[in-house]
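Below you'll find the structure, written out as structure tokens, and then a few comments.
The values are calculated or read from the model by the stated rules, or taken from the named source; none is laboratory data. Because the structure is predicted, anything quoted here is derived from the model rather than measured. Don't worry about glycine lacking a Cβ; one is built from the backbone with ideal geometry, like all the others, and counts go over all protein chains shown.
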Amino acid sequence: MSARSLWRPGTLAALLLVVLLLCAAAWLLWPSRPVAVPPASATTRLDDAATIERGRYLAVLGNCMACHTSKGGPEFAGGRGIATPFGTVYSSNLTPDATGLKDWNADDFWRALHHGQSRDGRLLNPAFPYTNTTHVTRADSDTLFAFFRHLAPVESTVPDHDLGRYLGSQAALKAWRTLYFKPGEAVDAAPQANDGTALNELQRGAYLVNGLAHCSACHVPRNTLGGSADMLSLAGGFMTAQGWYAPSLLDPAEAGVQTREVAGIVALFQTGRSGTHIVTGPMAEVVQHSTQHWRPDDLRAMATYLKSLPVSRRPEPAPGDARPAQAMVQGDRLYEQQCAQCHGAQGQGVRGNDGEWAYPPLAGNSTVLQGSPANLVQAVLYGGFGPSTAGHPRPFGMPPYVLELSEQDIADLSTYVRAAWGNDAPPVSALDVQRLR
């Protein structure tokens, strides 16, 4: 190639493109080094009993045990498989064993929470919600670490993530983080709500929701790469691997609480029920293991913040969508046989001896009327119980129908419930049910 041809515009552009691609490949493949972090808080005494107890409470706020405990396994020893659309991620061992946090210090732990990076610089999978924990203060991080380092050590070798050769690579994580993650601004002290001021209550609620409670880990709308332009969004998201829909906290027609009283919101998180609202599915686990154990001031702070969120309503589905006549007839028959005894012949619900709803009304029920039928179909398929809490220790449950009803039966039943008693939501097909299974 002559010098003249080398400088032709097209050739020069191609060379520049090759250079850029080589630089990008080198950047992606270059091992990440541990990010330098400021020293631990001088005011946090890791061996102090009060600090350890506060760390235990922070672990409850973050519901750490739910993900970091395998079914039937020792608490916080990791190994639980967490399904994602890209494969299975296994949670780490948080006990001070050699297979866990034995060789970690408070700086390493802060690096993981704030930067999403292990002590050796390895980038962590965002199934660990560091897009939220990056907003936790250094003092709270140190306090949480104090609790974990005083647990009984448990030897627990966690399996490698099952994400395939490329999706589980450090290069893929580096690219994902470039698109969707930026470490939060370091804050010296977490806002507290127990001083009685409305402003601090609101700030404390925002700190909890966006940080340790990591609400957006489920309620964020994600794209095909599992990311979002706003990773703190609470606009609702489909939990693809679990088959559930985490409803929007911005829309009162879904799970938004803007029009409800703070006391009722607190009751829902504390007992699992409030009025006609009863938590179920993944949210029942959150109430079971976490929010029922929160302090009253933190529950109120969270409720106050969620109530203050701006309202953003989803477009209403077109009313009067055609519903197959046979589906309505078959759905009516199935409802009478399987559902009416508990939920009422007219979907009006049934109250328990305490006057509260034992089985909620289905007429006007937000879960029934959501644009996505996912949560209704999951409830019919697999049934389930609400959380057992101090305020509601013996919740009524729903039996599973996955072995009793066909996919077409469940589609017909769902279509009927979404159209009866004044309800007006789109029909459900057998293909919808198949996909949601």
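Enumerate the pairs (first residue in segment 197-209 and surrounded by fewer than 20 Cβ atoms within 10 Å (Cβ to Cβ); second residue anywhere and hydroxyl-bearing (S, T, Y) and outside any helix (DSSP H, G or I)) with beta-carbon separation below 8 Å, excluding pairs fewer than 6 apart on the same chain, so at least 6 apart or on different chains.
none
Hey, does segment 321-329 have a residue that's modelled with pLDDT under 95 and touching a Lys or Arg at 6+ places or on another chain (Cβ under 8 Å)?
No; the residues of segment 321-329 include none that is modelled with pLDDT under 95 and touching a Lys or Arg at 6+ places or on another chain (Cβ under 8 Å).
Considering only segment 425-437, state which residues are surrounded by fewer than 14 Cβ atoms within 10 Å (Cβ to Cβ) and part of a loop (DSSP other than H, G, I, E, B).
Of everything in segment 425-437, just one residue is surrounded by fewer than 14 Cβ atoms within 10 Å (Cβ to Cβ) and part of a loop (DSSP other than H, G, I, E, B), namely R437.
Hey, among the residues in segment 359-373 that are outside any loop (DSSP other than H, G, I, E, B) and under 18 Å from D432 (Cβ atoms), which one's nearest to the chain's Cα centre (by Cα)?
T367
Just to be sure before I move on: is G205 within 23 Å of the chain's Cα centre (by Cα) and outside the structural domain of G55 (by TED's automatic domain parsing) in the structure I sent?
For G205, the condition - within 23 Å of the chain's Cα centre (by Cα) and outside the structural domain of G55 (by TED's automatic domain parsing) - is met.
What residue, among those in segment 44-65 that are aliphatic (A, V, I, L, M) and touching a helix residue (DSSP H, G or I) at 6+ places or on another chain (Cβ under 9 Å), is surrounded by the fewest Cβ atoms within 10 Å (Cβ to Cβ)?
M65
Out of curiosity, is S141 in contact with a Leu (Cβ under 6 Å, 6 or more places away or on another chain), polar (S, T, N, Q) and outside the structural domain of L208 (by TED's automatic domain parsing)?
yes
Mind listing whichever residues of segment 166-210 are touching a Phe, Trp or Tyr at 6+ places or on another chain (Cβ under 7 Å), over 27 Å from T43 (Cβ atoms) and not in a helix (DSSP H, G or I)?
L167
Going residue by residue through segment 388-403, is there one that turns out to be in a helix (DSSP H, G or I) and surrounded by fewer than 19 Cβ atoms within 10 Å (Cβ to Cβ)?
Within segment 388-403, none of the residues are in a helix (DSSP H, G or I) and surrounded by fewer than 19 Cβ atoms within 10 Å (Cβ to Cβ).
Which is part of a loop (DSSP other than H, G, I, E, B) and either small (G, A, S) or more than 30 Å from Y166 (Cβ to Cβ) (or both), of D120, D103, D97, D107?
Answer to the selection: D97.
Let me spell it out: the conditions are (1) in a loop (DSSP other than H, G, I, E, B); (2) under 28 Å from G237 (Cα atoms), and A83 meets all of them except one. Which number is the exception?
(1)
Are any of the residues in segment 39-62 on the phi > 0 side of the Ramachandran plot, modelled with pLDDT of 95 or more, assigned to a loop (DSSP other than H, G, I, E, B) and not aliphatic (A, V, I, L, M)?
no
Would a scan of segment 380-390 turn up a residue that is among the β-branched types (V, I, T), without any contact (Cβ under 8 Å) to a residue 60 or more places away in the chain and in contact with a helix residue (DSSP H, G or I) (Cβ under 8 Å, 6 or more places away or on another chain)?
Checking segment 380-390: at least one residue is among the β-branched types (V, I, T), without any contact (Cβ under 8 Å) to a residue 60 or more places away in the chain and in contact with a helix residue (DSSP H, G or I) (Cβ under 8 Å, 6 or more places away or on another chain).
Of all residues in segment 110-156, which are within 13 Å of G184 (Cβ to Cβ) and among the basic types (K, R)?
R138 - this is the single residue of segment 110-156 that is within 13 Å of G184 (Cβ to Cβ) and among the basic types (K, R).
For segment 287-304, check the following and say yes or no: at least one residue is touching a residue at least 24 places away in the same chain (Cβ under 8 Å), exposed (fewer than 14 other Cβ atoms within 10 Å of the Cβ) and not aromatic (F, W, Y).
yes
On the given criteria, is T143 at pLDDT below 95 and closer than 18 Å to M65 by Cα?
Against the criterion (at pLDDT below 95 and closer than 18 Å to M65 by Cα), T143 does not qualify.
Residue-wise test of (1) at pLDDT below 95; (2) small (G, A, S).
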position	(1), (2)
A186	yes, yes
A206	no, yes
G211	no, yes
H219	no, no
L234	no, no
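So, in segment 256-265, exactly how many residues are surrounded by 20 or more Cβ atoms within 10 Å (Cβ to Cβ) and either over 22 Å from the mean Cα position of the chain (by Cα) or farther than 20 Å from R313 by Cα (or both)?
0
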